[in-house]
Amino acid sequence: MIELVMGDYMDAVDYRMAGEWTPAPGRAFHATAVSRASVIGWISASEEAARRKAMHFRSLVAKKAGQLHDRPGVLHVGYETTGGNAVEGLRHRLNAEQMRSFESRGSTLEWVYGNYLTPEHTTARLESAALSETTATYPIRGRRHRQPLRHHMLFLDDDGTPGSHWLR
């Protein structure tokens, strides 16, 4: 609907839309008539916001690391991403920086998996939501890691090629 109203839709932009329209029968995300629509969009490219998100990432890991008691373990931290490779690349670098200095303090935590989830916009009749997921692995300092884990890249660059260059 945003693309219809504005003429374009960019995945990296956060939008808010309001208005009055008649939903299409059986397709709530479509309209048969629009009487009024208003759309605003914004992008957050603040490095300070990215740093705070990385500190939040670290605090989530610290809270949950205590759940691992007597066996080596892995934590998964998932969050929505919409900023594209440049924004998410910064976020990944800051998360990696936080994990390099993280001390597990008695926990058996060995790895943290950052699960970056990107919403996909779909118009399929029986699908209301879809996600692409990229996983970045962060080793915990002071642990013996048997083998390096490979990253699974799903984000695409503007030319349609996998955006794996920023998660090595």
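Ranked from highest to lowest mean number of other Cβ atoms within 10 Å per residue, what is the order of the peptides 18-27, 105-114? If you can, show how the numbers build up before the last one.
On the way: 18-27: 11.0, 105-114: 17.6.
The packing order, highest mean first, is 105-114, 18-27.
One chain, two ends: residue 60 and residue 125. Fully extended at 0.36 nm per residue, the span grows by 19.7 nm beyond their Cα-Cα distance.
Which semi-axes, in whole Å and largest first, does the equivalent ellipsoid of segment 1-133 have when worked out from the alpha carbon gyration tensor as the square roots of 5 times its eigenvalues? Don't skip to the end; give the middle numbers.
Working: eigenvalues 303, 64, 24 Å².
Result for segment 1-133: semi-axes of 39, 18, 11 Å.
No lab work stands behind these numbers, since they all come straight from the coordinates. Predicted model only: the values in this text are computed from it and were never measured. When we count neighbours, we look across all protein chains shown, and the Cβ atoms used for this are built from the backbone with ideal geometry, even at glycine.
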